[in-house]
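Asks: This is the structure, below, for whatever I ask next.
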Amino acid sequence: MNSKNYYNPNGEDILDEKIFGGKPTGFVDFNRSRYKWDVNIYDLMNANTWFPSEVNTVNEKKNFDQLSDNEQSIYKMTFAQLSFNDSAQEEYLSDFRRLATNRLVKSTISLQIMQEVNHSKSYAVLLDACGNSEEVFNLYKYNDALNTKNQKISEQFASYIDGNSVDKMLLSAMASVNLEGIYFLLGFSYIYLLGDKVPGARDMIKFIARDELNTHLPLFSNIYKTIQKENKIETSTIDTAYTMITDAVNIELEYGKYLMNQYPIMGVTESLMERTVHNYANDRLKKIGLNPIFPQTDTTYLQKLVTKHLNMNEVKSNFFEGNVANYAKSSINLDDF
Ligand SMILES: [Fe+2]
Ligand SMILES: [Fe+2]
């Protein structure tokens, strides 16, 4: 490795560092940010720091045992898939970070990597308390639908992550927008539907969802928009971004509908799932400056469930009082490029 990757006194000014390309000096100076949103998101991620041990999982096994057979299957299949998402995202972020240039964006990704590891740890803590950790982490070996979703997500990650062009960097960022903004959402909804029956799982998902939706999604939406603004992007690349989110919608609905048909639980229908995922996908497209292309409907019950649990104040009455006060900071502007 060239020493200039670590220290380049003749590199460009820190305010000129783009996300992709260029020659940074190697310094991380939080007082001089080219973008501002990177530092704001970093501060919010830091303020939201939580640890799996803060969630009360003492009764998780007892609660899980009282679920119906279908609910138990939904619980296991949901965590089997969500835990894959975080494992994959940690690895993808490390690859994306290596290809990026701007040091403050990279520092923010470093903190995100730590949070994805924290999410992986939280699944292990929860499932260990539930007594089915080994079974759940091995489900991909026996379930084709789970294996297929994981495989398709990993293929989307791998498709453009060689850093050979700015267009590929843009599409790599798109893969992350899909992960943070689409692939978790029906899983979150399912756990919230089980809700009070498994408060340990529900509270763990609340914290994970806040990280994914309040900071990780804005981070990669900003990265996507910034790469597009700073560079000349081929029209065909933007077309591919639309194709990628269409694929993501199909991947999410395929697994969601599989779970619904195999393990029906109260209140979930195909139409509800489709409307939910389409609305989310339109929102993600708008967040990255593209046009919504899916049928738009009123906010669904599942969307409202997810939003309700993003509310910072709701958990305050719980056992997290000390930490969660920090969530009040989420009002800072994360989108000021
Ligand atoms: Fe995560
Ligand atoms: Fe994430």
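Values quoted throughout were computed directly from the atomic coordinates according to the rules given, and no laboratory measurement underlies them. Everything quoted here is computed from the prediction, not taken from an experiment. For neighbour counting, all protein chains shown are included, and Cβ atoms are generated from backbone atoms with ideal geometry for every residue, glycine included.
Asks: Which value, in nm² and rounded to one decimal, describes the direction-averaged projected area of the C-alpha convex hull of region 153-247?
Replies: 6.5 nm²
Asks: Relative to the longest principal Cα axis of the chain, at what angle does helix 270-287 sit, 0 to 90 degrees, rounded to 10?
Replies: 20 degrees
Asks: Separate question: Projecting each Cα onto the charge dipole of region 187-293 (Lys/Arg +1, Asp/Glu -1 at the beta carbon, about the Cα centre), which of SER236, LEU213, ASN279 comes out farthest on the positive side?
Replies: The residue sitting farthest along the positive end of the dipole is LEU213.
Asks: So how much slack lies between LEU99 and ASP298, counting 0.36 nm per residue of separation and subtracting their Cα-Cα distance, in nm?
Replies: Between LEU99 and ASP298, full extension yields 67.7 nm more.
Asks: Can you work out D for the chain in µm² s⁻¹ from Stokes-Einstein, where Rh is the Kirkwood radius over C-alpha pairs, the temperature is 25 °C and the viscosity is 0.890 mPa s?
Replies: It comes out at roughly 119 µm²/s.
Asks: What ranking do 289-297, 110-118, 37-45 get when scored by the average of other Cβ atoms within 10 Å per residue, highest first?
Replies: 37-45, 110-118, 289-297
Asks: By a straight-distance test (C-alpha under 13 Å), which aspartates and glutamates pair with LYS152 as possible cross-link partners, with residues fewer than eight away in the same chain excluded?
Replies: List returned: ASP144, ASP247, GLU252, GLU254.
Asks: Under a straight-distance cross-link criterion of Cα-Cα below 16 Å, which lysines are reachable from LYS308, leaving out those fewer than 8 residues away in the same chain?
Replies: Partners found: LYS206, LYS316.
Asks: Can you show me the helix-derived [θ] at 222 nm for the chain, built from DSSP H runs with n ≥ 4 at -39,500 (n - 2.57) apiece and divided by the number of residues, rounded to the nearest 500.
Replies: Mean residue ellipticity at 222 nm (helix-derived): -20000 deg cm²/dmol.
Asks: Between TYR242 and ASN8, what FRET efficiency comes out of the Förster formula 1/(1 + (r/R0)^6) with R0 = 30 Å and r the beta carbon distance, rounded to 0.05?
Replies: Step by step, r from the Cβ atoms, then E = 0.20.
Asks: Sort 177-189, 66-78 by packing, meaning the average of other beta carbons within 10 Å per residue, with the highest value first.
Replies: 177-189, 66-78
Asks: Let me ask something additional. Would you look at the GNM of the chain, springs on alpha carbons closer than 10 Å, and say which of ALA201, ALA175, ALA145 moves the most?
Replies: ALA145
Asks: Ok, one more. When N is the residue count of region 91-238, what does its C-alpha Rg come to as a fraction of 2.2 N^0.38 Å?
Replies: Taking the Cα Rg and dividing by 2.2 N^0.38 Å, one obtains 1.15.
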